[in-house]
Amino acid sequence: MKQKKIVLALVLCLCAGAVFATGSKETPDQNTGGTKSSNGIGTASSPVKVTYLCKDVDPITDADQLGKLKAKIEEGMARQGNYVDLEILSSPTGSYSTVVPIAFRTGQISPDLIYFQGNDQPLVQDGLLEDLTPYVEKSTNVKAIMPDQTKAALKNYPYLMWLAPARVQIPVMRSDWFASLKSSKALLQDPSIDNYYAMFKEMKDTGMCKWPITTDGGILKLDSVFNHAFGITATIVKENGVWVYSDATTDAKNKLAFYAKLYADGLLDNEYITKTWDTMEQAFYEGTAGFVSGTAGDVVNVYNNKMKETKGVELTVLPPAKGVSQAYQSIDVTKESRGFAINADSQVKDAAWAVLEFMAGPEGRVLDKLGLEGIHYNMVNGKYVLTDKFPSWWAKFWPTMNGLDLSKVEGTVLSAPALDSLDAAAKYFAPDTNVLLPEDLLPLKDAMNKLYREYSTDIIRGVRPVSDFDEFVTKWNKAGGSEISAYLATVLK
């Protein structure tokens, strides 16, 4: 018996030694869909495949540069012990914000990492998107560059993450045109609604452009300039002691009356309703239109670079109109309006998150913001020297300046107007008041939004008189406004 115990002890010691000796070997990992080393994800011989889908990131139309970007990401992650095979997917044909959620829900597409630009909330309610909270809590790089509004949004809606400056639409126009206007000085001193109107009128009367203002099929870009001036300070406001959506308030009626005047006087592009983002931008660059709004930071930078290329001038950033209040659009932190999600059915969630974490780190920030060495920048004496092709590059993950060491960059990452736009967005920041509605109320809100688009468009274009706004409010309340207000009273105190 004693001899058997000695033999058993020897066997256990040998087994333990084998475990310690092979502790760094690959072990099966259910969450990566392959094998995982003790220090990272996958192996050099068996990288974990991660599929990625993002708007305007097309491996077919931009195969060369995206192929190089993919390789750089994989190489950088491998140096950190994470081995992935990143596959960039093409999105389905059609409007991205509409077709991608439908294709995802039906199983036509099933990326591990997927960028949404709306219509993601129903997917969350169906359990199709992963809660990112535990990943963020364990992160290092993502935490380091996450802006405050993203932190707040993730607490309310932890399924979508967007590491970027607050998405604020900032009005801009050609600096030479602005300087030549007699009304420009008064506008800067007092950006009132009347002074804005005077500037638009001077642009029209002098023949500077056909349309002083243009936009892309809707009025959101215009609202960012004028909402606060008319007292529309949030998505949901109190009117006569009741919580209501600001679209159906007296302040909204007054704003639409102003827009209708701009349209009737030929100051607002009479073709704005059929404009898309590309035709809007074309009208701006060609000089048909003189005033647009673009997202602070990167988009204003693109507008500025293209204007310099086509007309040889930079842009001037303008303040929001001043009235009842003064701010650009209020920032909603109930959820991100766009951003990356992880597929709840993905078998490689850790690997998918590792890609996001890498792109938020020092090496990823250089790739994301500066582009590809030898194309968008060259390394000279330890510096990233930007080339003339750099302006064509844009971030494929996180469009933030956070985490990028500008002391090592020679050249302009963001133009002066783009930096001005970020400063203006911070200066005229206002938080929003909004509520995520339960699923049973969403169809009502959709019907209400449709009514608003119909009536607001008709009022602005003169198809309906402004007095029809009262008719709209009645229909709005019947369509769900009254029912939703009752719900809002239980949520907002």
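Structure above, values below:
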{"quantity": "Boolean, residue 68 is part of a helix (DSSP H, G or I) and either out of contact with any Pro (no Cβ under 8 Å at 6 or more places or on another chain) or on the phi > 0 side of the Ramachandran plot (or both)", "calculated": "yes"}
{"quantity": "Subset of the stretch 462-493 [among the β-branched types (Val, Ile, Thr) and either more than 15 Å from residue 236 (Cβ to Cβ) or surrounded by fewer than 16 Cβ atoms within 10 Å (Cβ to Cβ) (or both)]", "calculated": "463, 466, 473, 474, 490, 491"}
{"quantity": "Evaluation of residue 230 against (1) of a type in the set (Phe, Trp, Tyr); (2) over 25 Å from residue 420 (Cα atoms); (3) touching a Gly at 6+ places or on another chain (Cβ under 7 Å) (one fails), failing number", "calculated": "(2)"}
{"quantity": "Which listed residue is over 18 Å from the mean Cα position of the chain (by Cα) and modelled with pLDDT under 95, from 314, 309", "calculated": "309"}
{"quantity": "Residue 264 vs. criteria in contact with a Gly (Cβ under 7 Å, 6 or more places away or on another chain), at pLDDT 95 or above and hydrophobic (A, V, I, L, M, F, W, C)", "calculated": "yes"}
{"quantity": "Sole exception among (1) within 27 Å of residue 434 (Cβ to Cβ); (2) at pLDDT below 95 for residue 278, by number", "calculated": "(1)"}
{"quantity": "Close pairs from the stretch 220-244: first in the same structural domain as residue 273 (by TED's automatic domain parsing) and within 21 Å of residue 437 (Cβ to Cβ), partner at pLDDT 95 or above and assigned to a loop (DSSP other than H, G, I, E, B), Cβ under 6 Å, at least 6 apart", "calculated": "233/325; 239/249"}
{"quantity": "Qualifying residue in the stretch 68-78 (condition: out of contact with any Asp or Glu (no Cβ under 8 Å at 6 or more places or on another chain) and modelled with pLDDT under 95)", "calculated": "no"}
{"quantity": "Residue 283 among the aliphatic types (A, V, I, L, M), under 26 Å from the mean Cα position of the chain (by Cα) and either assigned to a strand (DSSP E or B) or surrounded by 19 or more Cβ atoms within 10 Å (Cβ to Cβ) (or both)", "calculated": "yes"}
{"quantity": "Of residues in the stretch 131-152 being of a type in the set (Ser, Thr, Tyr) and at pLDDT 95 or above, the one nearest to residue 349 (Cα to Cα)", "calculated": "135"}
{"quantity": "Those residues of the stretch 410-425 which are without any contact (Cβ under 8 Å) to a residue 40 or more places away in the chain and either closer than 18 Å to residue 166 by Cβ or buried (at least 18 other Cβ atoms within 10 Å of the Cβ) (or both), in sequence order", "calculated": "419, 423"}
{"quantity": "Output for the stretch 152-165, where each listed residue is loosely packed, with under 15 Cβ neighbours inside 10 Å and touching a helix residue (DSSP H, G or I) at 6+ places or on another chain (Cβ under 9 Å)", "calculated": "155"}
{"quantity": "Options 257, 344: the member that is outside the structural domain of residue 193 (by TED's automatic domain parsing) and either of a type in the set (Gly, Ala, Ser) or surrounded by fewer than 17 Cβ atoms within 10 Å (Cβ to Cβ) (or both)", "calculated": "344"}
{"quantity": "Selection from the stretch 430-442 of residues that are in contact (Cβ under 8 Å) with a residue 24 or more places away in the chain and either among the aromatic types (Phe, Trp, Tyr) or outside any loop (DSSP other than H, G, I, E, B) (or both)", "calculated": "431, 439, 441, 442"}
{"quantity": "Unique match (being in contact with a strand residue (DSSP E or B) (Cβ under 6 Å, 6 or more places away or on another chain), modelled with pLDDT of 95 or more, aliphatic (A, V, I, L, M) and farther than 30 Å from residue 359 by Cβ) among 161, 173, 199", "calculated": "173"}
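The values are calculated or read from the model by the stated rules, or taken from the named source; none is laboratory data. The model shown is predicted, which means the values in this text are computed figures rather than measured ones. We place every Cβ from the backbone using ideal geometry, glycine too, and count neighbours over all the protein chains shown.
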